[in-house]
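Input: a single structure, listed below in structure tokens.
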Amino acid sequence: MSNDNQSTYLQENRRYWNSVADWWAPRGEAAWQRREPVWGIWGVPESEVQLLPTSMQGLNAVELGCGTGYVGAWMARRGAVVTGIDLSERQLETARRLEADHGLGVTFVHGNAEATPFADASFDFAISEYGAALWCDPYLWLREASRILKPDGRLVFWTQHPFAYVTAPQDGSLSTERLERPYFGLRMMDWTAAAEDPGGMEFTLPLSGWFEALTAAGFVVERLLEPQAPATGPDEAFFVSRRWAQAYPSELAFVAHKPG
């Protein structure tokens, strides 16, 4: 991808997340108060997916695209020393306010997860829940995650499933049971002109593409999860209905490590 396109999506996503920061603030407040994590748009319990070590005592952890910082709060309560990085100043305002309220010692940095200011081999654990995993180019942010992780460091990320995108209409309405776009060649999804709930510029890959990008960045995949929406809960989340997401995969998560 050219530098011009890279600049365009970073600028657009920064603008978008600054514009919706007030809407996300109360959701961040509620998530900071949770003692046990829940993941993704359907709130899948940590007990079902086990993405975080039970104890993170002594681990240096980084959240890539941290938003309001609640994942960092969950890791800090498990003993980790946590740093979050995000491109949106307004999201970080909320994160820093909530850190001041809760006093967990999480540090927040304004920056781009594709090119962080962190030194090589700085962290034991890296995570992204709908942060860099969705809003950054996977071939760039995964390489950067590998650079800043120590040997034997672990990477966890949770994002939209490519199947949700191939069935998502161009106007931004709910995913259908029809194929709306090709699966092969998936990479950047531009929602800036969507008629319904216009958004930013998101990234996804075919499943084989995710494995390719992870391998190219030096990771070994341990687990791939395709969580199903629960039987009860909200009728829809963003452009996916719960009924649809009980039949088809709307989200995915990877657990990988950087060999020592």
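Observations, loosely collected:
- Tally, over segment 188-216, of residues that are exposed (fewer than 15 other Cβ atoms within 10 Å of the Cβ), free of Cβ contacts under 8 Å to residues at least 24 places away in the same chain and in a loop (DSSP other than H, G, I, E, B): 1
- Residue check for R223: modelled with pLDDT of 95 or more, of a type in the set (D, E, K, R), within 16 Å of V44 (Cβ to Cβ) and exposed (fewer than 15 other Cβ atoms within 10 Å of the Cβ): yes
- Residue-level analysis places S146 among those that are surrounded by fewer than 24 Cβ atoms within 10 Å (Cβ to Cβ), touching a residue at least 24 places away in the same chain (Cβ under 8 Å) and closer than 29 Å to P162 by Cβ.
- A search for C-beta distances below 6 Å between a residue of segment 242-260 that is within 19 Å of F203 (Cα to Cα) and among the polar types (S, T, N, Q) and any residue that is at pLDDT 95 or above and assigned to a helix (DSSP H, G or I), counting only pairs 6+ apart in sequence or on different chains, returns S250/A164.
- Of everything listed in (1) surrounded by fewer than 17 Cβ atoms within 10 Å (Cβ to Cβ); (2) β-branched (V, I, T); (3) part of a helix (DSSP H, G or I); (4) at pLDDT 95 or above, the single unmet condition for T8 is (4).
- Looking only at segment 57-89, residues that are of a type outside the set (D, E, K, R) and in contact with a strand residue (DSSP E or B) (Cβ under 7 Å, 6 or more places away or on another chain) come to 19 in all.
The values are calculated or read from the model by the stated rules, or taken from the named source; none is laboratory data. Everything numeric here is computed off the predicted structure, so don't read it as measured data. Please note: Cβ atoms are built from the backbone with ideal geometry, for glycine as well, and neighbour counts cover all protein chains shown.
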